[in-house]
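S.K.: There's a structure below that I have some questions on.
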Amino acid sequence: MDDELLLFAGSASQILGRSIAHYLGCPLGASEAIKFSEGNLFVRVLENVRGRDVFMIQGTAFPANDNFMELLFWIDALKRASAASVTAVIPYFSYAKGDKKDEPRVSIRARVCADAIEAAGVDRVVTLDLHAPQVQGFFRVPVDDLYSQPVLCDAIAAKNLADLIVVAPDAGFAKKARAWANRLGVPTAIADKRRVDHSESAEVVELIGSVEGRTALIVDDFTISAGTLVDAARVLVERGATSVYAAVTHGVMTSEANDRLDASPIVRLFMTDSVETQPHGLSEKVELVSVAGLFGEAIRRIARRESISVLFE
């Protein structure tokens, strides 16, 4: 691996960080994060980073605010230690959901977070399947929003599921669902979802397309409560689907989500390892698909000043 590159992992991404380091054939840099009794965080880089290109891997989930603040502290510590550049590798950028002011007197949270990351001194951001792709425009530094679709599609294709059809959980995800379907060489259907408030659930009220006699695959960028996935699965079974699978990039699984998934007709939920700090574990129906190779290849190419456009094909 390149001598000028250093790889670190924050407390929210230790497992993924080690997997990425293994892919790259380099060790993780030495560091420590301490949480004091009143909640204060303290981070320390334990080796020389002067003049080096540094990649800091840190997700922002469970607990989102603590892990986001830790990311800022890591960036600041590395810049103050004279790193030549600091790239924040954020497997799950939770506040990307807050991308607009869609009602009076609310914060555009993703923009606030982008400003904070830039103010801390970051030079580049690498992330995965932003909920709102326009969040890239909130940054003035380069942002690489990687796609998990090829990795998840390969894992699903290996299962050789018969008579597969891809189902979008709502009209807003229809374009991405068609990309999934094109890659898998199967048709699509769309569930019509209605969300009436800020609760972490929505109601599926209609289905556009026929799933009768088919294996349905619901695809989405993330799930928190699993409510939408489970409602969609119920509708698909009612409409004649022989079995139902689901795939999401980010599994932000609460205890309620695990219970719903266990009681649902969903046979298997495929999701990446972008979130590893779930406080309640994962349902036995979950199958993790690693994105370490995807991030590792992006890091390798960025460090060597090579194009990463091949990763978006």
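S.K.: Test Ala257 against the criterion of being touching a residue at least 60 places away in the same chain (Cβ under 8 Å), part of a helix (DSSP H, G or I) and not β-branched (Val, Ile, Thr), and give yes or no.
M.R.: No: the conditions fail for Ala257.
S.K.: May I pose another question? Tell me which residues, restricted to the stretch 267-292, are β-branched (Val, Ile, Thr), touching a residue at least 40 places away in the same chain (Cβ under 8 Å) and part of a strand (DSSP E or B).
M.R.: Once the filter is applied, which keeps residues that are β-branched (Val, Ile, Thr), touching a residue at least 40 places away in the same chain (Cβ under 8 Å) and part of a strand (DSSP E or B), the stretch 267-292 yields Thr272, Val289.
S.K.: Would you pick out the residues in the stretch 1-25 that are at pLDDT 95 or above and either more than 26 Å from Leu128 (Cα to Cα) or in a loop (DSSP other than H, G, I, E, B) (or both)?
M.R.: Gly10, Ser11, Ala12, Ser13, Gly25
S.K.: Which condition does Ser107 not pass, out of (1) touching a residue at least 60 places away in the same chain (Cβ under 8 Å); (2) assigned to a loop (DSSP other than H, G, I, E, B), if it passes all the others?
M.R.: Only one criterion is unmet by Ser107, namely (1).
S.K.: When you check Gly172 against the structure, is it assigned to a helix (DSSP H, G or I), assigned by TED's automatic domain parsing to the domain that holds Arg234, over 21 Å from Thr272 (Cα atoms) and of a type outside the set (Lys, Arg), yes or no?
M.R.: In short, yes.
To keep it simple, each residue is scored yes or no on (1) among the aromatic types (Phe, Trp, Tyr); (2) modelled with pLDDT under 95.
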residue: Glu118; (1), (2): no, no
residue: Val125; (1), (2): no, no
residue: Ala132; (1), (2): no, yes
residue: Pro142; (1), (2): no, no
residue: Trp180; (1), (2): yes, no
residue: Ser199; (1), (2): no, yes
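S.K.: Looking at the structure I just gave you, is Thr228 out of contact with any helix residue (DSSP H, G or I) (no Cβ under 8 Å at 6 or more places or on another chain), buried (at least 22 other Cβ atoms within 10 Å of the Cβ) and at pLDDT below 95?
M.R.: yes
The values are calculated or read from the model by the stated rules, or taken from the named source; none is laboratory data. In this text the structure is predicted, and so the values were computed from the model without any measurement. All Cβ positions, glycine included, derive from the backbone under ideal geometry; neighbour counts span all protein chains shown.
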